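Working notes for the structure below.
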Amino acid sequence: MDHAIEMTGVRKTFGPKVAVEGMDLVIPQGSLHGFIGPNGAGKSTTIRMIMSILFPDRGELKVLGKRSAVESKDRIGYLPEERGVYKKMKVGAFLAHMARLKGHDAGSELTRKVNDWLEKIGLPDVSRKKCEELSKGMQQKVQFVSCVLHEPDLLILDEPFSGLDPVNMRLLRDLIREQHEAGRTVIFSTHVMSQAEQLCDHIVMIHNGQKVLDDPVQTIRSRHKPEGVWFEPYHADREQEALAAVTGVPGIAEVRRVDGRLEARLDAGVEPSEAIRLVAQAAPMASVELHRPGLEDIFINIVTGGSASADDRAQLRAALRDIGGDA
Amino acid sequence: MSKVMRIAGREFASTALTKGFIIGALVVPAVILAIIPLVGILAASAKPPAVSGRILVIDRSGEVLGPLSERLSEESIRERRQEAVRRAGEFAAGALGGMGSQLTGSTEKALEQIPVPRFTLESLGPDADIEQAKGRIRAQLNAEGDIAPEDRVLAVIEIDADAVVRSSDADAFGQWQPFFRPKLNSEAVDEIEAAVAWSIRERRYAVAGMDREAIRELDSVQQRAAQEITEKGEQDDTSGLTSLVVPVAAMLLILVATFTGGQYLLTTTIEEKSSRVVEVLLSAVSPMELMTGKILGQMGVGLSLLIIYNAIGIVALIAFSVTGVVSWQLVLAFLVYFVLAYFMFASMMAAIGAAVNDLREAQSLMTPVMLFSMVPYFFFMPVIRSPNSTLSTTLSFIPPISPFIMIMRIATPEPVPGWQIAVSILINLLGVMTLLWFAAKVFRVGLLMYGKPPNLRTLIKWVRMA
């Protein structure tokens, strides 16, 4: 079976700026891949090259077994980061127009599908409304429908959650899972790494135009063992006593407060299950749990070589959370 | 191809099936056509105020007052007006055929509404003081409201003693000079000046012993309306139409249709780019398909305009019984040169639309395009007068202005050599291909470029990049 995407040694520059360098990537059909990385990392450029909107300066690229996405555009659903609608067009007409551009036949079947999808995303009465009458969030859901209406084999979503409220974020997450369960290959990019953690079974981390991580989520989790124990003293008024007690536990390197939570960092080579037992016994605790490194931590470790100070890490984390897009 | 046609279809529908377009293309011309006769009626009903008053005459020659009084009488002025309209009608009928006769009819009716001035001549005698006479106008200027209209002094006319009979020691006749009150109606001024000149001339003929009627008869050369001999018989001469109206109208129609389509193309491209819908489209079609679809869609808009306006023109010609002015060869040339002109200008518009972020930024890049569009205006007179001159021939081979020049030349009665038509089409085809190639490159890169608007150097860089 052909892979959904194959990239070998792909390079893309814009004048003197190298946007993507030496990108090797294989995405099997039916997988749910997350592209993560900060602003300007090269995620959107990679996606645009996959979509044949941009063309690589060097390297090879195959999409759904074809030499370029141009030959298989009708089998791809694409939600770009820079997305929009025809403001004066009616929602139903817009969706039908996009579906027909993707090779869908016109007729009552298409109308039925448009109406079904609008109902599914909670907008059953908007078919005859102009796109400009919808809120930004509603427009975003309509745009998602335009990607899936023609039942593509490959779905590429660039920052699909940006601008959505939590309720619609959950709805979109469920719809993406549904598409994946229907056997479609899904690739989505995000700078919010927790979203990728929740949804993907495979992560591709991009930094400065280069792939720095390309592994299944399970592999990443097993490779990056817990580095500390989060704990919450039972008696809030006796926190200092609890801190002193935990600091004295063998195998604990330091105790610090991170994002409002208390964390006991482990010495290298300490068995996490033993550490959690000892911390729980050191003082009365309301909760104790292992702190597994998230993708954010892993990203920071990779880009800093693991040598960043606590302050530098905090700054990097804050920077990652502030950013809103990609280049 | 079906995707290109789908893009074209949406482009056409989103432009031509909107209220704005329908109002602009159909309702506005219809309203203008409806307003023209209304303006005539309104103009006729808004009668200019009747001019009446005194003319003080110091006729030092003692010869002119008599004929001048007769010439400026109400009856005489009315007769002359009617005669002028009759002559203008004969001329119009000769130049414009049936259309001219109808125009004359409506002009006559309009002229009837204009009141005839009423002048009262007051002779001050041959020895009167000119300063005193002028003083009477001055005195009235400060007391306008107290003076009855018929007592207002409109002018003072001073005629030299030798204006009619030359002095034996002079090389030329004497002169005459009018003095008018300020802001006197210009028609009244013309009427007075023409009457004095006519009266002096009449007296000179008489003194010289010449029969003025005989001279007038000798001067008057009557011509019957010119006729064109065609295969089907004879018809009113249409050379005025074919050598002037049709070439200019053809050039203007192509210009309007080209620029309307091009302007809409620019607007919709900028709109798609600024609303960020363009990347969604590019996931379904290639940039070339998108650009081609848009260009074809807007060509449909331009063609619709051409069909509408041509139909109106042809109906008008039929209504005025003018036939044989528009041949099928001209219609064919019209279509060919429209398509060539449109593709060249549309390519430029598409490239500009893709390169900029909003209409304001497009203005600086539009300047060279607009300059090209002005060239046919600058040269239409020399081209129409001499369709086969070196200037006309040279301009015919310079795209993108060539189609506008060629259609004017082809529309004139003077035949254009066939090889020039063939060469101009070939050169324009090359122009179309070059500009499409350039536009496709800029379109592909520009569509996804946001931020600082590009200049010409950046556009050339994009072309190399794409």
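The values are calculated or read from the model by the stated rules, or taken from the named source; none is laboratory data. For clarity, every value in this text was computed on a predicted model and none was experimentally measured. Using ideal geometry, Cβ is built from the backbone for each residue, glycine included, and neighbour counts are taken over all protein chains shown. Areas reflect the complete protein model, heavy atoms only, side chains present, ligands, DNA and RNA absent. Shrake-Rupley method; radii C 1.70, N 1.55, O 1.52, S 1.80 Å.
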Considering every residue within segment B:10-24, establish whether at least one is touching a helix residue (DSSP H, G or I) at 6+ places or on another chain (Cβ under 7 Å), at pLDDT 75 or above, open to solvent by 50 Å² or more (accessible area, probe 1.4 Å) and outside the structural domain of residue B:299 (by TED's automatic domain parsing). yes
Would segment A:96-113 turn up any residue that is away from chain B (no Cβ under 11 Å), open to solvent by less than 30 Å² (accessible area, probe 1.4 Å) and over 19 Å from residue B:272 (Cα atoms)? yes
Taking only segment B:349-371 into account, find how many residues are farther than 14 Å from residue B:270 by Cβ and touching a helix residue (DSSP H, G or I) at 6+ places or on another chain (Cβ under 8 Å). 1
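Out of the residues in segment A:65-76 that are within 11 Å of chain B (Cβ to nearest Cβ) and open to solvent by 50 Å² or more (accessible area, probe 1.4 Å), which is farthest from residue A:168 (Cα to Cα)? So that I can check it myself, show each step before the final result.
From segment A:65-76, those within 11 Å of chain B (Cβ to nearest Cβ) are A:68-71, A:73-74, A:76; that's our starting set.
Adding the requirement that they be open to solvent by 50 Å² or more (accessible area, probe 1.4 Å) leaves A:70-71, A:74.
Details: A:70: 32, A:71: 33, A:74: 27 Å.
Of everything passing the filter in segment A:65-76, A:71 is farthest from residue A:168 (Cα to Cα).
Check A:17, A:87, A:43, A:66 and return the single one that is charged (D, E, K, R) and closer than 30 Å to residue B:20 by Cα.
On the way: A:17 fails: closer than 30 Å to residue B:20 by Cα; A:43 fails: closer than 30 Å to residue B:20 by Cα; A:66 fails: closer than 30 Å to residue B:20 by Cα.
None of the other options fit; the residue is A:87.
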Scan of segment A:114-142 for residues that are out of contact with any helix residue (DSSP H, G or I) (no Cβ under 7 Å at 6 or more places or on another chain) and within 13 Å of chain B (Cβ to nearest Cβ), ordered by number: A:130, A:132, A:136, A:140
Identity of the residue in segment A:77-95, within 7 Å of chain B (Cβ to nearest Cβ) and open to solvent by less than 10 Å² (accessible area, probe 1.4 Å), that ends up farthest from residue B:450 (Cα to Cα): A:78
Determine, yes or no, whether residue A:17 is within 14 Å of another protein chain (Cβ to nearest Cβ), surrounded by fewer than 20 Cβ atoms within 10 Å (Cβ to Cβ) and under 30 Å from residue B:275 (Cα atoms). yes
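Picking from B:402, B:386, B:392, which residue would you name as being in contact with a Pro (Cβ under 8 Å, 6 or more places away or on another chain) and among the hydroxyl-bearing types (Ser, Thr, Tyr)? Give the steps one after another, and end with the answer.
Details: B:402 fails: in contact with a Pro (Cβ under 8 Å, 6 or more places away or on another chain); B:386 fails: in contact with a Pro (Cβ under 8 Å, 6 or more places away or on another chain).
B:392 is the lone residue from the list that is in contact with a Pro (Cβ under 8 Å, 6 or more places away or on another chain) and among the hydroxyl-bearing types (Ser, Thr, Tyr).
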From the list B:291, B:299, exactly one residue is crowded, with 24+ Cβ neighbours inside 10 Å, out of contact with any Pro (no Cβ under 7 Å at 6 or more places or on another chain) and not aromatic (Phe, Trp, Tyr). Which is it? B:291
At pLDDT below 85, under 30 Å from residue A:161 (Cβ atoms) and in a loop (DSSP other than H, G, I, E, B): which single residue out of A:268, A:319, A:308, A:314 fits that description? A:308
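Evaluate the following for residue A:62: is it more than 14 Å from chain B (Cβ to nearest Cβ), basic (Lys, Arg) and farther than 22 Å from residue A:173 by Cβ? If you could, list the steps in order and put the result at the bottom.
Working: more than 14 Å from chain B (Cβ to nearest Cβ): yes; basic (Lys, Arg): yes; farther than 22 Å from residue A:173 by Cβ: yes.
When the stated conditions are applied, residue A:62 passes them.
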Does any residue in segment A:118-143 that is closer than 18 Å to residue A:78 by Cα and open to solvent by less than 60 Å² (accessible area, probe 1.4 Å) come within less than 8 Å, Cβ to Cβ, of a residue that is in a strand (DSSP E or B) and of a type outside the set (Phe, Trp, Tyr) six or more places away or on a different chain, and which pairs are these? A:143/A:79
So for segment B:144-154 (the condition being farther than 22 Å from residue B:67 by Cα and open to solvent by less than 30 Å² (accessible area, probe 1.4 Å)), does at least one residue qualify? no
Filtered residues of segment B:179-193 (kept if open to solvent by 60 Å² or more (accessible area, probe 1.4 Å) and under 29 Å from the mean Cα position of the chain (by Cα)): B:186, B:187, B:190
Within 22 Å of the chain's Cα centre (by Cα) and either farther than 25 Å from residue A:298 by Cβ or assigned by TED's automatic domain parsing to the domain that holds residue A:126 (or both): which single residue out of A:72, A:31 fits that description? A:31
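Please determine whether any residue of segment A:29-38 is in contact (Cβ under 8 Å) with a residue 60 or more places away in the chain, outside any strand (DSSP E or B) and within 14 Å of chain B (Cβ to nearest Cβ).
No, segment A:29-38 has no match at all.
State whether one or more residues within segment A:11-18 are assigned by TED's automatic domain parsing to the domain that holds residue A:210, touching a Ser or Thr at 6+ places or on another chain (Cβ under 9 Å), closer than 30 Å to residue B:271 by Cβ and not in a loop (DSSP other than H, G, I, E, B). It would help to see each step written out before you state the result.
Step one: of segment A:11-18, the residues assigned by TED's automatic domain parsing to the domain that holds residue A:210 are A:11-18.
From the residues that got through so far, the ones that are touching a Ser or Thr at 6+ places or on another chain (Cβ under 9 Å) too are A:12, A:14.
Among the residues that remain, those that are also closer than 30 Å to residue B:271 by Cβ are: A:12, A:14.
Now restrict to residues that are not in a loop (DSSP other than H, G, I, E, B): A:12, A:14.
Checked against the condition, which is being assigned by TED's automatic domain parsing to the domain that holds residue A:210, touching a Ser or Thr at 6+ places or on another chain (Cβ under 9 Å), closer than 30 Å to residue B:271 by Cβ and not in a loop (DSSP other than H, G, I, E, B), segment A:11-18 yields at least one hit.
Here are B:326, B:383: which of them is more than 30 Å from residue B:453 (Cβ to Cβ) and not in a helix (DSSP H, G or I)?
The match here is B:326.
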Could you tell me whether any residue of segment A:234-253 is within 30 Å of residue A:204 (Cα to Cα), in contact with a His (Cβ under 9 Å, 6 or more places away or on another chain) and open to solvent by less than 40 Å² (accessible area, probe 1.4 Å)? no
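Evaluate segment A:24-40: report whether one residue or more is open to solvent by less than 10 Å² (accessible area, probe 1.4 Å) and at pLDDT below 85.
Taking segment A:24-40 first, the residues open to solvent by less than 10 Å² (accessible area, probe 1.4 Å) are A:25, A:27, A:32-37.
Now narrow it down to the ones that are at pLDDT below 85: A:37.
For segment A:24-40, residues open to solvent by less than 10 Å² (accessible area, probe 1.4 Å) and at pLDDT below 85: present.
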